[in-house]
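Contents: one structure, followed by commentary.
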Amino acid sequence: MTTTPGAPGEPAAPPPDAEVATGEGLAARRALRNARIRGVAFVGFAVLAFYYASRSFDISAAFSFWIDEQGGESAVLQTPVGVLWVVAGLASGLVGVLQLLRGATFRWRPWLLLLIAPWIAAILAELLAGKPANLTGMISGSLELATPIALAALAGILSERSGMLNIALEGKMLIGALSASIASSVTWIVTANVLAATVVGVMVAMLTGGLTGLLLAWLGIRHRVDQIIAGTVINIGAVGITNFIFLRILSRSTELNTPRTVEAMLIPFLSDIPVLGPLLFSARPYVYVGYILVAVLAYMLFRTRWGLRLRASGEKPAAAGTVGINVIRIRYQALFLAGLISGLAGSYLALATAGKFEMEMTAGKGFIGLAAMIFGAWHPVGAFFAALVFGFADTTQTLLSILGVQVPPQLLSSVPYVVTIIVVAGVVGRVRGPAAAGQPYEQG
Amino acid sequence: MTKLREVLRKALVPTLAVVTALLFGAIVIILTDFEHLSQIGTDPLGAIGGAIGGVINGYGAMLEGAFGDPARIATALQSGTERDIATAIRPITETLVATTPLIFTGLAVAISFRAGMFNIGADGQLMLGALGATITAILLAGQAHPIVILIVALVVGTLSGGVWGFIPGFLKARTGAHEVITTIMLNYIAALVVFFALRSPTIRAAGSTSPVSKNLTPITDVPNIINLPAIRLDYGFVVALLMAVAVSFLLFRTTKGFELRAAGFNMTAARYAGMSAGGSMMLAMALSGALAGMAGSFMVLGTVGQLSLDLSGGIGFNAIALALLASLRPSGVVLAALLFGALTTGGKTMGIQSGIPFDLLFFIMALVIMFVAAPGLIRSIWRVKVAKPAPEVASITPVAPSESA
């Protein structure tokens with residue numbers, strides 16, 4: 001969605017960095033210049049890190065990990081904060097040197113991921129100023145917070161890869177949240193069975209999300225409504241109708257808004273692994289569904305015929321149509337699936353996080369999901385890790401405000417949004433989206 | 001005669017869109033009217049009648065809230081007491097008060113759409129404009145003549161909004177960042193910035209627990225048009241109308257305006273003709289933000305009088321509906337803003353009097369946009385012949401700049 005060159009009549013798509021860098025000419029020189037700037041920036045960060053290191057050797061950071069189960073014994077890792085800064089500085093310096101030496105062919109993005117960990121550790125330790133922090137709680141919290149964003153990103157990937165811009169994720173999640181809450185509450189009232197209530201809630205949410213997805217597809221394909229307008233319409237309509245139903249019905253009949261909350265579920269064998277167990281495998285079932293969906297979607301997109309057809313519809317629908325692919329039907333399918341997943345994400349918000357439906361409870365998560373999608377280069381696994389970063393930012397904010405660290409809460413709340421802008425602006429590197437995203441397809 | 005027919009034909013789709021949307025709204029009201037619907041078993045006719053009565057009640061309250069009762073106005077004018085006149089005409093004036101920011105933001109969105117940029121950030125730009133105006137007014141309080149403070153604050157507010165609009169324009173022009181995401185993110189960030197600013201004791205109202213700013217009316221106030229008690233209509237409305245004229249002039253009678261529109265029609269062709277597409281994007285977004293900022297400034301310096309977190313009230317999305325309904329024409333924007341102003345003011349009364357939540361209007365507005373953008377729907381529902389959507393509206397597909405930009 002960031003750059004969509006390659007459409008008929010547009011100048012040809014820019015070749016990927018590596019090709020450009022080794023060639024001659026203006027593009028190569030520009031790539032080299034950008035590489036040098038990046039290298040200097042990395043070294044600059046290293047210097048900054050060493051400066052902070054020199055000031056903080058006396059403060060000691062304490063990070064604790066739970067070993068066997070959440071809330072049980074914990075192992076504590078204590079190091080002076082200065083050490084963390086030194087590590088961050090060394091890592092940045094290393095990357096900077098490599099960048100400067102290798103020039104434009106250097107693949108710096110994977111290294112950047114490597115850098116993130118020490119830097120975050122150092123910054124966190126600095127802000128905490130000696131107060132203890134439980135990292136297991138933070139990371140598993142990040143996983144939980146990241147899940148709806150990741151699910152939204154997956155939905156976005158499915159849509160965009162098929163060639164449809166789907167910015168209605170927010171609206172679908174909201175509708176899903178409302179339906180999940182009501183359906184679950186009603187089922188609970190009728191059957192008094194927690195599992196049934198949850199399952200029905202999730203199913204209904206997914207169904208409503210899917211139907212909304214079909215609506216978006218119908219508007220964009222059949223009626224040639226600009227996909228951004230259609231998406232915005234659905235978002236506004238969703239806010240209006242969910243707020244309306246909440247105020248009109250749910251505020252009076254509150255028993256319709258008390259779904260059973262989904263509790264954490266321990267995976268029998270895996271959750272006993274020391275340290276990793278409580279970290280990764282003792283979360284709510286949604287997180288596991290998230291893992292599975294990421295894997296399944298990656299497989300479906302890249303290793304099945306259906307996935308190939310879908311990606312073709314997104315890159316060059318005209319060619320795909322010539323080969324006999326039913327582009328329109330694939331796009332409907334993609335948006336329906338995307339709607340299912342968005343509804344699932346919405347149900348997570350209602351059933352797991354808040355325990356009921358609140359007005360406008362998505363708070364931009366659908367859009368952050370889109371950012372995660374772009375950050376992750378339209379790949380399910382990449383989007384998952386991107387969502388993890390956002391989830392971590394969210395958790396950090398909560399942790400710091402709980403600990404009473406003197407940072408204004410608004411500053412931290414704004415981090416996900418600022419990061420989204422930075423990502424979308426391609427500061428972390430420009431990635432190419434599906435070439436035909438957003439253009440209506442003329443069959444025949 | 002043909003001229004009239006032309007005008008009517010152009011107005012057909014928007015009018016039907018609004019009517020159909022209101023119908024859908026009525027259906028939603030009926031379907032959620034559980035009190036009446038629960039009687040369907042025992043007394044079907046009465047139940048349905050009661051439900052429909054609920055709708056009529058609600059929409060009637062909306063009409064009265066928007067325009068007032070004509071009979072009442074007549075008697076008040078005859079009896080002549082200020083009090084009576086004020087109470088009678090208050091609905092209309094309140095509608096105009098609500099219309100003013102809608103004109104500003106509708107123009108803002110229309111300008112940006114014309115240049116091919118989706119400005120969803122009118123909310124944030126309005127808030128930042130309001131913040132700029134508020135801070136200026138508070139800092140200058142008592143140090144200059146109120147009119148001077150007013151003008152300076154208005155300028156600062158407008159510029160603040162302009163800057164906030166410029167940022168996504170710049171990002172789109174230089175990095176290809178999609179403005180839908182950046183403007184929406186900046187909305188959230190703007191809310192946080194305002195929240196943060198309202199924590200400062202200089203700005204916050206003394207002794208208040210909720211985040212509101214000091215009352216600005218003692219410092220400076222936009223002069224009122226009608227000087228009656230409790231009537232809020234001020235010259236902001238007039239400025240809004242002037243802005244519509246200005247925007248129309250800019251878009252259709254200046255070179256810059258032509259460049260903006262060309263960039264919106266076909267970015268590649270515009271660039272080929274030597275126009276700076278990136279420059280057009282940035283200018284359009286900056287102007288857009290400035291207009292929204294002006295809206296916020298007038299609200300905070302005039303009709304509302306203080307800055308609070310819910311100042312914008314989601315107006316950015318209404319503005320999108322407006323602009324589309326008006327086919328991006330400034331004259332249409334004024335008319336559509338009037339309509340939406342009436343709906344909003346009436347909707348509040350509807351909420352108070354008949355208990356139908358105001359948020360239904362968001363749903364109705366979304367339907368309006370949908371029907372305007374997809375006239376085929378209107379055609380199938382009403383079996384009328386409708387023309388294809390206007391080219392400006394249909395061709396709003398964001399085109400990213402290529403590398404050589």
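Where a number appears in this text, it was derived from the coordinates with a stated rule and is not lab data. As the structure is a prediction and not an experimental result, all values here were calculated from the model. We place every Cβ from the backbone using ideal geometry, glycine too, and count neighbours over all the protein chains shown.
Tabulated results
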| item | result |
| --- | --- |
| Long-range amide H partners of A:GLY364 with built H, under 5 Å | none |
| Listed pairs B:LYS172/B:LYS256; A:LYS316/B:LYS10; B:LYS10/B:LYS172; A:LYS365/B:LYS256; A:LYS172/B:LYS256; A:LYS172/B:LYS172 exceeding 29 Å between Cα atoms | A:LYS316/B:LYS10; B:LYS10/B:LYS172; A:LYS365/B:LYS256; A:LYS172/B:LYS256 |
| Tail beyond 40 Å, pair distance distribution of chain B (Cα, percent) | 20 percent |
| Amide proton proximity set for B:ASP234, modelled H, under 5 Å, gap of 5+ | B:ILE225 |
| Stokes-Einstein diffusion coefficient of the protein assembly as shown, Kirkwood radius over Cα pairs, 20 °C, 1.002 mPa s, in µm²/s | 75 µm²/s |
| Rg in Å to one decimal, and Dmax rounded to a whole Å, for region B:233-324 via C-alpha atoms | 15.9, 48 |
| Unit charges at the beta carbon, dipole of the protein assembly as shown: most positive-side option, B:THR158, B:PHE34, A:ALA352 | B:THR158 |
| Cβ crowding within 10 Å averaged over residues, with A:380-390, B:84-94, A:156-166 ranked highest first | A:156-166, A:380-390, B:84-94 |
| Debye intensity ratio I(q)/I(0), log10, region B:36-168, q values 0.14, 0.21 Å⁻¹ (C-alpha model) | -0.89, -1.08 |
| Exercise: per-residue mean of other protein chain Cβ atoms within 10 Å, A:411-418 | 5 |
| Shielding by other protein chains, B:363-375, mean Cβ within 10 Å | 6 |
| Unit Cα scatterers, Debye sum, region A:108-195: log10 I(q)/I(0) for q = 0.20 Å⁻¹ | -1.03 |
| Against the rule of thumb 2.2 N^0.38 Å, how large the Cα Rg of region B:130-261 comes out | 1.28 |
| Rg/Rh (Cα only; Kirkwood hydrodynamic radius) as it applies to region A:339-381 | 1.03 |
| Shielding by other protein chains, A:217-230, mean Cβ within 10 Å | 5 |
| Region A:299-379: radius of gyration over Cα atoms, expressed as a fraction of 2.2 N^0.38 Å | 1.38 |
| Of every Cα-Cα pair in region B:62-135, the percent that sits beyond 14 Å | 70 percent |
| Mean Cβ count within 10 Å, highest first, over the residues of peptides B:228-235, A:225-232, B:164-171, A:313-320 | B:164-171, A:225-232, A:313-320, B:228-235 |
| Long-range Cα-Cα pairs in region B:8-98 (distance over 17 Å), rounded percent | 65 percent |
